[in-house]
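The structure appears below as structure tokens.
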Amino acid sequence: MHVWLSAAAPGAPNGTVADMAHLDLGGLKGNIGAQNYPVPRTADPGRYRTVVIWCERFSVTFGYAPLARAPTGAGG
């Protein structure tokens, strides 16, 4: 299981998620509690629409959440 930032729309079919651009943030650290996954500074946040929990072995989505855009002027 991996955490991906995906260009696919939230809830997209597995084939679409697999075919769309994605950024693999690494293996899932656990299934309980909060977890943090660093995003490389070189990543283009405007390219991705969804966070996906992706099972590489079976090429299926186990969960997803839409990414929200930060308000203008937020962040550093």
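Any read-out appearing in this document is the output of simple, stated calculations on the displayed coordinates, not a laboratory observation. Remember, it's a predicted structure, so these values are computed and weren't measured experimentally. Please note: Cβ atoms are built from the backbone with ideal geometry, for glycine as well, and neighbour counts cover all protein chains shown.
For PHE62, the residues whose amide H sits under 5 Å from its own are ILE53, TRP54, CYS55, ignoring neighbours fewer than 5 places away on the same chain, with H placed 1.01 Å from N. Annotation: amide H-H contacts under 5 Å for ARG49 (H modelled 1.01 Å from N, sequence separation of 5 or more, or interchain): SER6, ALA7, ALA8.
Do any trypsin sites (Lys or Arg not before Pro) in the chain lie in a loop, going by DSSP, with at most 14 other beta-carbon atoms within 10 Å of their beta carbon, and if so which?
Passing sites in the chain are LYS29, ARG41, ARG57, ARG69.
Taking the number of Cβ atoms within 10 Å of each Cβ as an exposure proxy, the fewest-first ranking of VAL17, VAL60 is VAL60, VAL17.
Computed over the alpha carbons of the chain, Rg followed by Dmax gives 12.6, 40 Å.
Under the definition of Cα pairs under 8 Å and six or more residues apart, what whole-number percent is the relative contact order of the chain? Kindly include the intermediate steps, with their values, before the conclusion.
Values: 114 pairs, mean separation 28.5, N = 76.
Once normalised by length, the contact order is 38 percent.
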